[in-house]
Amino acid sequence: MPRRPPERPEPSSSPVSDAKSNDERQRSIFSDRNFILFLVGQCITTQGLWVQKIAMSWLAWSLTGSAFWTGTIAALNFAPAFFLGPIFGVMADRVDLRRTAMVINLAQAAVSFLLMGLSYADMMSLPWMVVLAGAMGVLGSAMTPIRLSLVPVIVRREFMSRAVAYAAMNFNISRLVGPAVGGIVIATWGTGAAFMINAISYLPMIFVIWVVTIHMDRAPDAKSRRIWTSLIDGAQYALYHPMIRSVLALSCFVSLVGTGMVELMPVFAEAVYERGVTGLGMLASAGGIGSVASTFILSRVGSEAADYQRMTIYGAFGASVGMLGLGFAPWYEMAVVLVALTGGGLTLVGVGSQTALQLTVDDRLRGRVMSFWSASSFGGMALGGVLLGAISEAGNIQYTARGSGVLILCAASVGLWRLCHTGTVKRRD
């Protein structure tokens, strides 16, 4: 393992004038070497991740022709987060973030190289896909709380909301470009080339994690307690905190019935619109366009957690409209627009909830609480992909989309009612 640079304490910030403009503050975050390095490394890695994601979905559909198995393979990439995410969250509050992140990235690269070898050898089968998708899911669920804990410790707290928003924008730009590139790569060179691209993309991030400076004072609380006790502490904190409880509930439900449906885009591309892998890449890229637009909106929001909580509710309304429309869309071109709207709404929910939590959570419990977010979001998406895939297998996938849209609309309405009720109570106080 390469020798890492010594940790440095967070430099004390110099006094700033109240007249300092927002533009100057925004420039200051991009003058931070750590944050720029992290963004570049994340951009490269997530490009490869989306290329591989498209390859896995397309390969599952090509091998089985089944909406159920397509949803199941997609779910295996996220299901471990539901069961193991909270445990990994406890570990994120106890381990060396740098060393752990490097090891996990190396392991993910190894799995992608194995996928590449099996594809080139024409030995890929459904059992292999199940095993390797599950392996990537376990590694991804371990990496998520580590990644979410890294962002806050490489920037000062006053830049937290912008750091999370720009990191999310970076991820969603990759979501815009990666699927389109993946579709071209698969159509031209096959799925093996797509897996190879993802495997190589982890190497720059490993280098970035090695050289970046992490400003962090490790809290002794989690280390001094048993894992189960630490997990209970985090769960009680999340359960009894009104903001965290509400945000987690909405993001989990929307992931279950909304993002789970998005995982079935290969079925829409081929079975509904007969557009093949290039059509799948276009649909996925349309979702990325909506996501980039949403993250740009989020980057202009204030720095209060309540602002981001409101954005999650607005996003749920947008996703419900897009999903309902997709359930009725007779033309592929209309579906592309509706997928963009759906992707934008789902991103407002996902990134808005993540940012609200990051701005609210106690630093000593950050890894655990953010692991609950990843477990509810990714676990909901995984379970939703399987359930909605099974429902679509028995009926028409567009009917399933309509039902998802109605359910998200109901959840958004409940969230808006609770928010208005809370605001009324506060005004009376």
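The values are calculated or read from the model by the stated rules, or taken from the named source; none is laboratory data. Quick caveat, the model's predicted, so the values are computed rather than measured. Here the Cβ positions follow ideal geometry from the backbone for every residue, glycine too, while neighbour counts run over all protein chains shown. Note: areas computed on protein heavy atoms with side chains; ligands, DNA, RNA excluded. Shrake-Rupley method; radii C 1.70, N 1.55, O 1.52, S 1.80 Å.
Please compute the length gained on full extension between Ser62 and Met123, using 0.36 nm multiplied by the number of residues separating them and subtracting their Cα-Cα distance.
Additional length available on full extension: 20.5 nm.
From the phi of every residue in the stretch 182-192, what ³J(HN,Hα) in whole Hz does the Karplus formula 6.51 cos²θ - 1.76 cosθ + 1.60 yield, where θ is phi - 60° and glycine or proline is x?
x, x, 5, 4, 5, 5, 8, 10, x, 5, x
Given a Förster distance of 35 Å, report the FRET efficiency between Thr278 and Leu114 from their Cβ-Cβ distance, rounded to the nearest 0.05. Let's see the in-between values first.
Details: r = 27 Å, r/R0 = 0.77.
The calculated FRET efficiency here is 0.85.
What order, most packed first, do the peptides 101-110, 290-299 have when packing is the mean number of other Cβ atoms within 10 Å of each residue?
Those peptides, ordered most packed to least, come out 290-299, 101-110.
Place a point 7 Å from Cα of Asp96 in the direction of its Cβ. Which residues in the stretch 30-57 have their backbone N less than 12 Å from it?
Counting backbone N atoms under 12 Å from the label point, the list is empty.
Over the stretch 223-327, calculate the relative contact order: mean separation of alpha carbon pairs under 8 Å at least 6 apart, over the residue count, as a percent.
Once divided by the residue count of the stretch 223-327, the mean separation gives 20 percent.
When the accessible area of the stretch 217-354 is split by element with a 1.4 Å probe, what percent falls to carbon and sulfur?
Result for the stretch 217-354: 66 percent of the exposed heavy-atom area is carbon or sulfur.
With θ set to phi - 60°, apply the Karplus curve 6.51 cos²θ - 1.76 cosθ + 1.60 along the stretch 63-73 and write out the HN-Hα couplings as whole Hz, x wherever there is a Gly or Pro.
Result, ordered by residue: 6, 10, x, 10, 5, 5, 6, 4, x, 5, 4 Hz.
Hey, rough spin-label estimate for Cys410 and Ala271, points 7 angstrom out along Cα→Cβ, what's it come to in nanometres?
2.4 nm
So how much slack lies between Glu393 and Cys420, counting 0.36 nm per residue of separation and subtracting their Cα-Cα distance, in nm?
5.8 nm is the gain from fully extending Glu393 to Cys420.
Sorted by accessible area (1.4 Å probe), largest first, how do Met282, Met323, Met143 line up?
Ranking Met282, Met323, Met143 by accessible area, largest first, yields Met282, Met143, Met323.
Please calculate how many Å² of accessible area the stretch 231-310 carries per residue, with a 1.4 Å probe and no DNA, RNA or ligand atoms counted.
38 Å²
I'd like to check one number: the per residue accessible area of the stretch 354-393, probe 1.4 Å, reported in Å² as a whole number.
26 Å²
Where the centre of each part is set by its Cα atoms, how far does the stretch 44-62 sit from the stretch 351-370, in angstrom?
Taking the Cα centre of each part, the stretch 44-62 and the stretch 351-370 sit 28 Å apart.
Once you place label points 7 Å from the Cα toward the Cβ at Phe83 and Leu203, how far apart are they in nm?
3.4 nm
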